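Each remark here refers to the structure printed beneath this line.
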Amino acid sequence: MSAGTLTLTNNSASVVGQGTTFSAELAGGDFILVTVGGIPYTLPVKSVDSNTALTLVSNFTGPSQAGAAWSAIPRVALNMVTAALVAQSAEALRGLNYDKQNWQQFFTADGDVTMTLPDNSQSTGPSAKKLVNLVSNKADKVNGAVPIVQGGTGAKTASEARGSLGLKGAAVLDVGTTAGTVAAGDDSRLTGALQKTGGTASGNFDFTGFTTLNSTSTVRFKGFRDASKPEGANSNDLVISTPTNAGAGAYACQIVYQWYSDGWLTGIKRNAGYGTNSYSIYFNGASTGAGREWNFNIDGNASGGQWINGSDIRHKSELVTVENPLSAVLSFRGMAYDIKDGGRAVGLIAQDIEQWCPEAIKTYGDREFSDGEVIKDFKYLDTTGVSAAYHTEAIKELFSLVELALDDPTACRKRIAEIKSLVKQDSPVAGTMPSQPGS
């Protein structure tokens, strides 16, 4: 409520205030709200004459009233009410128009229709005509025979159903061990067959159908040997092959390991011809919601997710920060190259790194390649470790040089010269390195 009270006179545009501050609360075009005789009046103000006098736009039509409480209403407030009403009305009309369009589409379109909701979001689904067409050829028999093409048996009785489905006499026999029954797996009538309860079989076996081994304990396969090879090294083979025509990029041969719904598959994936792309490991992601695959490719490279190395400081000791990291990085060569038994690749050179960080080099003996060449003491590089360590420390050293250049350019030039003097320009394999920038 606003301060003071009002005196209004019937059929008069003049309003007198008692204890009011019209000049501070109102301006021409604003409104006053007053209740007279139980009826609220919203009266537009034409002008404010003083703190206790104002003139209305039109004469007051209610009964004369003195000491009436009142409230000032700025015109912007009523404008906002009007604007909100217009917006809400437009929204309601838009929703009604969408409803009309949606229903027209639903009952007239032949295929799927897209419904537009009042918030402009959309949803697509089948129209009424499409739903009718979908069920037009479905089985609709209650007491009659449902045709086989509609998923039925084409008959009204069990015997007629067996006949229409091509089932013979065995379909009505019980499983048992006596005459007139269908033989069970432990039936003594299966003379010469390997019994379920155990036994020994010898000779060669060909399993041409789907074969399942169910065991509650370990299943061991031993004594495999390729008869075409002499006894000795590389002759104990378990060969898994398939004559089926799996599509290009699919698993041609595989072994599946399963624990409840989780499944792991290992095997070879074929290419578009008679070759293979990779030996791969696949996880179906049943328990995690996302499948994963790791590939050992024919170019000698492996691919998959990131290889996560253990890095907990609690299993590390004798920690030492690498020395002269910037000089070392300037000595490293980032190269692209062809590799034996592989394709085109990029990376670092083990011999370059060995001069600075021999800990990053591993050897596991000689390595023989497909062309018969043997490289003695073949070197393997911990690329991840050496890159992380040296590049991290080199960045720190570069940052120190930036600070030094701002504070003491002469000292910075001297430090740069010291770093460059340590750069090893000669590689033990490839000869002279390209000159470093600024040398």
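The values are calculated or read from the model by the stated rules, or taken from the named source; none is laboratory data. Given the structure is predicted, the values throughout are model-derived calculations rather than measurements. In this analysis, Cβ positions are derived from the backbone assuming ideal geometry, glycine residues included, and neighbour counts consider all displayed protein chains.
Listed by position, the strands (runs of 3 or more DSSP E) enclosed by segment 1-93 that each have at least 3 residues that are β-branched (V, I, T) and touching a residue at least 12 places away in the same chain (Cβ under 8 Å) are 31-36, 39-50. If the condition is being modelled with pLDDT of 75 or more and surrounded by 12 or more Cβ atoms within 10 Å (Cβ to Cβ), then segment 122-144 contributes P126, S127, A128, K129, K130, L131, N133.
Would you check if G343 is out of contact with any helix residue (DSSP H, G or I) (no Cβ under 8 Å at 6 or more places or on another chain), at pLDDT below 95 and not hydrophobic (A, V, I, L, M, F, W, C)?
Yes; evaluated as a whole, the condition is true for this residue.
This table checks each residue for (1) surrounded by 10 or more Cβ atoms within 10 Å (Cβ to Cβ); (2) among the hydroxyl-bearing types (S, T, Y); (3) modelled with pLDDT of 70 or more; (4) closer than 29 Å to R292 by Cβ.
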{"site": "G209", "(1), (2), (3), (4)": "no, no, no, no"}
{"site": "N214", "(1), (2), (3), (4)": "no, no, yes, yes"}
{"site": "S228", "(1), (2), (3), (4)": "no, yes, no, no"}
{"site": "V256", "(1), (2), (3), (4)": "yes, no, yes, yes"}
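Within segment 343-363, track down each residue that is of a type in the set (V, I, T) and more than 17 Å from A389 (Cα to Cα). Before you say what the answer is, go through the steps one by one.
In the first step, residues of segment 343-363 are kept if they are of a type in the set (V, I, T); the result is 346, 349, 353, 361, 363.
V346, T363 - these are the residues of segment 343-363 that are of a type in the set (V, I, T) and more than 17 Å from A389 (Cα to Cα).
Answer yes or no as to whether N284 is modelled with pLDDT under 90 and in contact with a strand residue (DSSP E or B) (Cβ under 6 Å, 6 or more places away or on another chain). Please lay out each step first, then the result.
Working: modelled with pLDDT under 90: no; in contact with a strand residue (DSSP E or B) (Cβ under 6 Å, 6 or more places away or on another chain): yes.
Considered against the rule, which asks whether it is modelled with pLDDT under 90 and in contact with a strand residue (DSSP E or B) (Cβ under 6 Å, 6 or more places away or on another chain), N284 comes out as no.
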